[in-house]
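A quick write-up on the structure given underneath.
The values are calculated or read from the model by the stated rules, or taken from the named source; none is laboratory data. This is a predicted model, so every value here is computed, not measured. So basically every Cβ, Gly included, is an ideal-geometry build from the backbone, and we count neighbours across all protein chains shown.
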Amino acid sequence: MRSLLRVAACGALVAAVAGLTVPASASDRDYRTNLGLAPLGTYATGIFDESAAEIVSYHPRSRRLFVVNAAQAKVEVLDAADTAVPAKLFDLVTVGVRAADGTTIPVGAVANSVDVRPDGLGAVAIESATKTDRCTTSPTRGTRSS
C-alpha cells in the first residue's frame, strides 16, 4: 500500500510541475531585417578567392592586425590605426625560427593560424608537412619582418 501511495504522490508531483512549465515558442519576428553590417575599411592582398586572408587577430594596444595569408604561406602585419585604409607594415618571418617544440621552421612551411595576447606576445601555428600530424607554433612579438 505504501509503494502505491509513493507512486501516486510522484505522479501527482510530476503532473503539477508539468502544469507550471510554459512551452517554448518561436517568434514570428524576422531578425534578419534588424542586423546590418558595413565594412570599416578594406585591404587588398592582390589575391582573390585563394585563402589570402583566412585568420585575423587584432592587437588593440598597437592597433595592428595579424592576417594569415595561406596562399603565400605567411602572416601579414597591418597598421589598423586608420580603419578605413589598413596599411601593410611587414610580413612575419617564420622560416628558420625555432618553434615551441624545439624544431626549426623549414622553408615552405605554411602558417595557418595566428593569435596575439594583450601583452603583444603572439603565436603562429605552422602546418606540418603531413597535414594530419601535429602542427608547430612559433612565438613572436610581431617584430620580425621580411
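Of the numbered conditions (1) part of a strand (DSSP E or B); (2) modelled with pLDDT of 90 or more, Pro139 satisfies every one except a single condition; which is it?
Condition (2) is where Pro139 drops out.
Are any residues in region 78-95 closer than 15 Å to Ser113 by Cβ and among the hydrophobic types (A, V, I, L, M, F, W, C), and if so, which ones?
Within region 78-95, just Leu92 meets the criteria.
Looking at region 111-122, can you tell me whether even one residue there is surrounded by 14 or more Cβ atoms within 10 Å (Cβ to Cβ), in a loop (DSSP other than H, G, I, E, B) and without any contact (Cβ under 8 Å) to a residue 60 or more places away in the chain?
First, the residues of region 111-122 that are surrounded by 14 or more Cβ atoms within 10 Å (Cβ to Cβ): 111-116, 120, 122.
Subsequent filtering for residues that are in a loop (DSSP other than H, G, I, E, B) retains 120.
Within this subset, residues satisfying the condition of being without any contact (Cβ under 8 Å) to a residue 60 or more places away in the chain are none.
No, the conditions are met nowhere in region 111-122.
Taking the condition of being assigned to a strand (DSSP E or B) and surrounded by 15 or more Cβ atoms within 10 Å (Cβ to Cβ), how many residues in region 91-110 meet it?
Residues meeting the conditions: 3.
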